[in-house]
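S.K.: So that we are looking at the same thing, I have put the structure below in structure tokens.
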Amino acid sequence: MRSFWSDSNKIVMAFLMVCLFLLLSGMIFLPLLEILQKSFYTSLGDFVGLDNFIRYLGEEKSLRLIQNSLFVSIVSTLIVIPIAFVFAYALLRSCMPFKPLFRYLALIPLLSPSLLPAISFVYLFGNQGFLKSWMGDGSIYGPWGIIMGECFYVFPHVLMILLSALSLSDARLYEVAESMGAGSIKRFLTITLPSAKYGLISAILVSFTLVITDFGVPKVIGGDFGVLATEIYKQVIGQQNFSLGATIGVLLLIPSIITFGIDRVVQRKQKATLGSKFVLYRPKKSPLFDAIMGVFSSGVVLLLLIILGVSVFASFAKFWPYDLSLVLKHYDFDSMDGGGWNSYFNSLQLAFWTALYGTILVFICAYIVERTKVFSWLKGALKFLALLPMAVPGMVLGLGYIFFFNNPHSPFNGLYQSMAILVMCTIAHFFTTSYITAVTTIKQIDSEFEDVSDSMGVAFYHTFLRVTVPIAIPSILEIARYFFVNAMTTVSAVVFLYSPHTTLASLAVLNMDDAGDISSAAAMASLIVVTSIGVTLCFNGISHSIVKKTQKWRKG
């Protein structure tokens, strides 16, 4: 009996591995292979090898676009990293009041589409903005507008990495340094910075990649200052030049792959800091330092709330900035160009199916990779496919979906411009982060559960459903929340894939802004934020309730 069940488990897990490999190949690898292949052909279908790249890189405009993309990415990173580091330092190394509140408020930009900060800066510093005079003879429509918007968009992503990097510090090191007469600055330079260097490097790479691949902010506020991401959009949507769009997409893929590779190398070099004798560092009260950190954190959070609040208020203002009386006409989306209220309900539908199917796919994939003992080469390939989306910009993935699913000879052509393809692309785009979360959770669950079950003749899926899933419920809910919120806010990955019947709320913001209905664009963006906040609170409440009722063992 034991032999039968052991062999059966291996057969079923091998079958699941093959199915997952084929599914992820179709969702991730084949679309990328298609865009790479497309870049070697002309629009007429003639093979030209690297001529498209040579010709494009030989144009003055192309070099200017590359320089522009690098400029805004580097400057945005140089601005946001120090601010996020000090903010994280204030949360973890000071005793300032209201730290949990500051932490939650600082992560609010994660719940908004990247278009929202650009719209807010237009309202503040645009041609009819309240603070237009602050710009002097300059204009918000250009590089500095993009940089300001990107800093708002990237800040919470960088902050989460730095919070993780600073969270595990050994108090013994600080005690020894203090006993040897080292001052606070000396301790910071010799202990804090070295221990956080890997997190800092990861934060820098993530910031650079997010900015150089972002489409929303430069589309709204970039003006005549073009970047690679907006150029892809112009070539594909504006000129229907798919060959050139593929060429630019591959070029945009290069920095993402390089930064992803560097980040993986850095993570391998990182050594464990939490040992058996580890003593968690706890900050001591210092009135002056705590006050300085409190003022700094208050300023950052206030700035974030102002940027968010401007769009929310403008969505109710009758005629900005001349008549600020409150009205609801900007929420009459059906009378505006962009998709109407159907776009909002389509986003809810996309978010629901993405959260449901994405969570199931991610968790099963992570479980199979971590627990299977057959086909090690296939397990490695599956792991590669699961990590690959992290190195792929959303616009490049979306463009690959056009080439792969819109091919008349493809058996999957019927999926093009359907809700199904939007769900698949969104799951693929945000797969890696969710996968890493699931793997981390599964690694914390002892594999002896499976070994004992196997020895007792219990099928592995019974152990998976009755042991692994109940233990991992908090992480599963977090993955579902992550998928839901990102499906509500995503723009770049789906901008090429929707039809008039599947327009999304985030795309409606883009279309309304293009049509000049900026107040309605702000209204839809605000609605996305409110929905994301509400869903996040619901998931947090459900998670807290389940943990409290069914997982009391966690407390003791």
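Every number in this text was worked out from the coordinates using simple rules, so none of it is lab data. Computed from a prediction, not measured in an experiment: that's the story for all the values here. When we count neighbours, we look across all protein chains shown, and the Cβ atoms used for this are built from the backbone with ideal geometry, even at glycine.
S.K.: Per DSSP helix of 4 or more residues, -39500 (n - 2.57); summed, then divided by the residues of the chain. What does that give at 222 nm, rounded to the nearest 500?
M.R.: -22000 deg cm²/dmol
S.K.: With +1 on the Cβ of every Lys and Arg and -1 on the Cβ of every Asp and Glu, and nothing else charged, how large is the dipole of the chain about its Cα centre, in debye rounded to the nearest 20?
M.R.: Dipole of the chain, to the nearest 20 debye: 2200 debye.
S.K.: Determine, from the Cβ-Cβ distance of Thr433 and Leu44 and an R0 of 35 Å, the FRET efficiency 1/(1 + (r/R0)^6), rounded to the nearest 0.05.
M.R.: 0.30
S.K.: Test of understanding: what is the full-extension gain from Lys549 to Ile364, defined as 0.36 nm times their sequence separation minus their Cα-Cα distance?
M.R.: Full extension of this stretch gives 64.1 nm more.
S.K.: Let me know the charge dipole size of the stretch 46-314 about its Cα centre in debye, to the nearest 20, where only the beta-carbon of Lys, Arg (+1) and Asp, Glu (-1) is charged.
M.R.: For this selection, approximately 1200 debye.
S.K.: Take the alpha carbon gyration tensor of the stretch 46-314, find the square roots of its eigenvalues, order them as a ≥ b ≥ c, and report rounded if a/c is under 1.5; if not, report prolate when a/b exceeds b/c, else oblate.
M.R.: oblate
S.K.: Then there is this: DSSP H helices in the chain with Cα extent of 27 Å or more along the helix axis and mean Kyte-Doolittle hydropathy at least 0.5?
M.R.: Passing helices, by number: 2-24, 60-93, 143-167, 193-213, 242-269, 287-314, 340-371, 518-550.
S.K.: Using the basic label-point model (7 angstrom from Cα toward the beta carbon), what is the Ile54 to Leu324 distance in nanometres?
M.R.: Here the modelled spin labels are 6.0 nm apart.
S.K.: Also, quick follow-up: What is the fewest-to-most order of Ser133, Ser243 by other Cβ atoms lying within 10 Å of their Cβ?
M.R.: If I rank by nearby Cβ atoms, fewest first, I get Ser133, Ser243.
S.K.: Here is a follow-up. Pull up all non-local amide H partners of Tyr41: gap of 5 or more, or a different chain, and H-to-H distance under 5 Å with H placed in the peptide plane.
M.R.: Placed amide hydrogens put Val48 under 5 Å from Tyr41.
S.K.: Could you check the simple spin-label distance between Cys95 and Val295, using points 7 Å along Cα→Cβ, in nm with one decimal?
M.R.: 2.0
S.K.: Give the calculated FRET efficiency between Leu70 and Leu305 to the nearest 0.05, with a Förster radius of 30 Å applied to their Cβ-Cβ distance.
M.R.: Computed FRET efficiency for Leu70 and Leu305 comes out at 0.45.
S.K.: Something else: Would you mind calculating the relative contact order of the chain from Cα pairs under 8 angstrom and at least 6 residues apart, reporting the percent as a whole number?
M.R.: In percent, rounded to a whole number, it is 24.
S.K.: In which sequence would Arg466, Arg103 go, from the one with the fewest C-beta neighbours within 10 Å to the one with the most?
M.R.: With the sparsest Cβ surroundings first, the list reads Arg466, Arg103.
S.K.: Oh, and also: Pairs of Cα atoms under 8 Å, at least six residues apart: use those to get the relative contact order of the stretch 46-314, whole percent.
M.R.: Relative contact order comes out at 33 percent.
S.K.: Give a quick list of trypsin sites (Lys or Arg not before Pro) in the stretch 340-425 that DSSP marks as loop, anything other than H, G, I, E or B, with at most 14 other Cβ atoms within 10 Å.
M.R.: Lys373
S.K.: For a quick check of your reading of the filter: which trypsin sites (Lys or Arg not before Pro) in the stretch 276-346 sit in a DSSP loop and have no more than 12 other Cβ atoms within 10 Å?
M.R.: Answer by residue number: Lys277, Lys284, Lys285.
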